[in-house]
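Visitor: Before anything else, here's the structure in question.
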Amino acid sequence: MTSTPATPAPFSRIKIRAGALVFCGDDVALIRRDRADSTHYTPPGGNIEDGEDLVAGLRRELREELGLDTAAAEGGDLMWMVDQRVTRPGPTPPPRKLHLIYRFHISPGIRATLAEQELDELPDGSHEVGVIEWIDYRKTAELPLFPPIGPALAALTHPRSAVTDAALDAVTDANYTWV
């Protein structure tokens, strides 16, 4: 007798996304994604593959999205962690996602060599174009930024400020609506 695999319960799978706040002076690199009904920003980064080392995965993502060799940057410290449990559109039950946000600092010379666009492959094989924008970190509080780290980022007194609590508020259906 053949049995049909059960559909996993929402949030029963856990994915890890490593992202980075890449600073050049007071500006931070964010990827702007324009969609038919919305625009949002996200730090460069992506999902860590099964069995992949976190640092290696972050390095891979920053190379793919920005063209950044992290060996040429300062820092790389874990800054924040965000626990995401948000229902999203589509037939697949949503995973629980842990966003690990790291911090790097680069020089204007390195910034000049980085990508200006990022192509994100969609499930159908097409690509969504993201625009790399450099934004003064103090102006991120009101940006549609996901994960919603804008207020914490804008509250830093300096791009190199110490962070006393790495765990930011969880993102749930009670405080976030998927766009």
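The values are calculated or read from the model by the stated rules, or taken from the named source; none is laboratory data. Keep in mind it's a predicted model, so treat the numbers as computed, not measured. As a convention, Cβ positions derive from the backbone with ideal geometry for all residues, glycine included, and neighbour counts pool all protein chains shown. Side chains are part of the model used for accessible areas, which takes the heavy atoms of the whole protein and leaves out ligands, DNA and RNA. Shrake-Rupley method; radii C 1.70, N 1.55, O 1.52, S 1.80 Å.
Visitor: Residue 131 to residue 174: FRET efficiency via 1/(1 + (r/R0)^6), r the Cβ-Cβ distance, R0 41 Å, to the nearest 0.05? Working shown, then result.
Guide: Working: r = 31 Å, r/R0 = 0.75.
Efficiency for this residue pair is about 0.85.
Visitor: Can I ask one more? With the full set of protein chains in place, find how many percent of the accessible area of the chain is carbon and sulfur; take the probe as 1.4 Å.
Guide: Of all accessible area on the chain, carbon and sulfur atoms account for 52 percent.
Visitor: Quick one: length gained pulling residue 13 to residue 142 fully straight, 0.36 nm per residue minus the C-alpha distance?
Guide: So the chain would gain 43.4 nm between residue 13 and residue 142.
Visitor: Then there is this: Report, largest value first, the span of the C-alpha coordinates of region 88-127 along each principal axis, in whole Å.
Guide: Its Cα atoms span 45, 26, 11 Å along the three principal axes.
Visitor: Using only alpha carbon pairs under 8 Å that are at least six residues apart, calculate the relative contact order of the chain and give it in whole percent.
Guide: Numbers: 345 pairs, mean separation 52.3, N = 179.
Averaging sequence separation for qualifying contacts and normalising by length gives 29 percent for the chain.
Visitor: With every protein chain left in place and a probe of 1.4 Å, what is the accessible surface of residue 87, to the nearest 10 Å²?
Guide: Near enough 70 Å² of accessible area.
Visitor: Another question about this same structure. One-quarter of the Cα convex hull surface for region 101-152, in nm²? Kindly include the intermediate steps, with their values, before the conclusion.
Guide: Values: hull surface 19.7 nm².
Over all viewing directions, region 101-152 projects a mean Cα-hull area of 4.9 nm².
Visitor: Given 0.36 nm per residue, what is the gain on full extension from residue 120 to residue 96 after removing their alpha carbon distance, in nm?
Guide: On the way: separation 24, 0.36 × 24 = 8.64 nm, distance 2.08 nm.
In short, 6.6 nm is gained.
Visitor: Still on this structure, I have one more. According to a simple spin-label model (label point 7 Å from Cα along Cα-to-Cβ), what is the distance in nm between residue 40 and residue 105?
Guide: 3.1
Visitor: What does DSSP give for the chain in terms of the percent of beta bridges that are antiparallel, rounded to the nearest 5?
Guide: 70
Visitor: Any idea of the accessible area per residue across the chain, 1.4 Å probe, to the nearest Å²?
Guide: 55
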